[in-house]
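Please read the structure below before turning to the comments.
The values are calculated or read from the model by the stated rules, or taken from the named source; none is laboratory data. All figures in this text were calculated on a predicted structure; none of them were measured in a lab. Cβ placement follows ideal geometry from the backbone for every residue including glycine, while neighbour counts extend to all protein chains displayed. These accessible areas exclude ligands, DNA and RNA; they are computed on the full protein's heavy atoms, side chains included. Shrake-Rupley method; radii C 1.70, N 1.55, O 1.52, S 1.80 Å.
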Amino acid sequence: KYSTSVGVRIGRPEKAAPRQMKPPVHTLFPIGDKGGPTRDLLKASHIEKFFTNIHNRFCNTCNELSISIICQKCKSKTSIIYNCRICRAKLDSSFCPKCKKEASSHSYQLFPLKKKLLMAQEKIGIRANEPFKGVKELINQEKIAEPLEKGLIRQSLGLTVFKDGTVRFDATNSPLTHFKPSWIGTSIEKLKELGYTHDAKEIPLTNTDQIIELRMQDVIIPYESAKYLINVCKYIDIELEKFYGKTAFYNVKNIDDLVGHLILGLAPHTSVGIVGRIIGFAETNVCFATPIWHSAK
């Protein structure tokens, strides 16, 4: 005759995991269905005549197609070839004077994938392993592919790329205004270097149990994300040295080396990042930061 109902609130579970496409991808290079179900670039490269829809970049010096602004062989700047969709003319500009229409900067064309993949492996000294995953097609307007070298470095470090070209880690937002050094695993000496010389009561910082006010753009990230970010730092350093010919920037070897480095905070469906600074780590699956930082995202 009588019934009882119990109402509960079910919140979103905490999340701390790499941001990946489904299925995961190493490089944003289009291979259609030629790489099989795994979209493997190595399988696709064995096809004698490999065609793909890609940006029309051409090196006039080497007389061959390129996917880079700078030619990998002669280091000269490559040019864009535009194709008129109506009269099929090859143009130097994005407008066809004959048809009075916009010309396309991409086309379905024969591409020397095997040759370019071998050159990329030789340049950075990393060998591709099966499956070296690409995408079926590019969704950007100009159909501009990533350099294959970036994908090779990612695969060697166990990283993947998201559809916007970023390598990132997702974590649930959680607000925090004050903390104790004992909570975040950062030493007093390091916190003083970061500007935390006094606690919330303006008493000089001397022990790990003093309560400190969190600065506006400082963040405390999950340990799970710290492990991932170490590989991201290694990825950027290898890319700087082997691909761009610059010196390494991070030189990160362990989690503690991340403290003091800057990150970008992104909310879903936005394109603008908010700069944050790592000051410590937590065993939770959330990113602790001030409510102002979270709301700014």
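The residues W183, W293, sorted by heavy-atom accessible surface at 1.4 Å with ligands and nucleic acids left out, run W183, W293 from largest to smallest. Relative to the Cα centre, the charge distribution of segment 39-141, modelled as +1 at Lys and Arg Cβ and -1 at Asp and Glu Cβ, gives a dipole magnitude of about 160 debye. Put simply, segment 1-90 fits an ellipsoid with semi-axes of 50, 17, 17 Å; these come from the alpha carbon gyration tensor as the roots of five times its eigenvalues, largest first. Within the chain, which complete DSSP H helices have Cα atoms spanning at least 20 Å along the helix axis and a mean Kyte-Doolittle hydropathy of -0.5 or higher? Correct list, ordered by number: 223-238.
The stretch between T172 and E283, if pulled fully straight at 0.36 nm per residue, gains 38.6 nm over its current Cα-Cα span. Under a model in which nothing but the beta-carbon of Lys, Arg (+1) and Asp, Glu (-1) is charged, segment 151-242 shows a dipole of about 260 debye around its Cα centre.
The accessible area of D209, taken with all protein chains in place and a 1.4 Å probe, comes to roughly 100 Å². Placing Y2, Y82, Y223 in order of accessible area, with the largest value first and a 1.4 Å probe, yields Y2, Y223, Y82. Tell me whether segment 108-164 comes out rounded, prolate or oblate; compute the Cα gyration tensor, take square roots of the eigenvalues as a ≥ b ≥ c, and use a/c under 1.5 as the rounded threshold. Because a/c hits 1.5 or more and a/b fails to exceed b/c, segment 108-164 counts as oblate. A Förster radius of 51 Å, combined with the Cβ-Cβ distance separating S3 from Y244, puts the computed FRET efficiency at roughly 0.15.
Remark: accessible surface ordering of M216, M21 (largest first) is M216, M21, probe radius 1.4 Å.
Rounded, prolate or oblate, given the Cα gyration tensor of segment 131-175, with a/c below 1.5 counting as rounded? Oblate, because a/c is 1.5 or more while a/b does not exceed b/c. Dipole magnitude for segment 7-97: about 280 debye, using +1 per Lys or Arg Cβ and -1 per Asp or Glu Cβ, origin at the Cα centre.
Label sites at V272 and K115, each approximated as a point 7 angstrom past Cα along Cα to Cβ, lie 4.6 nm apart.
Proximity of backbone amide H atoms, modeled 1.01 Å from N, is registered between L214 and H178, F179 at under 5 Å, excluding neighbours fewer than 5 places apart on the same chain. Estimated at 0.36 nm per residue, the fully extended path between K190 and K297 surpasses their Cα-Cα distance by 35.8 nm.
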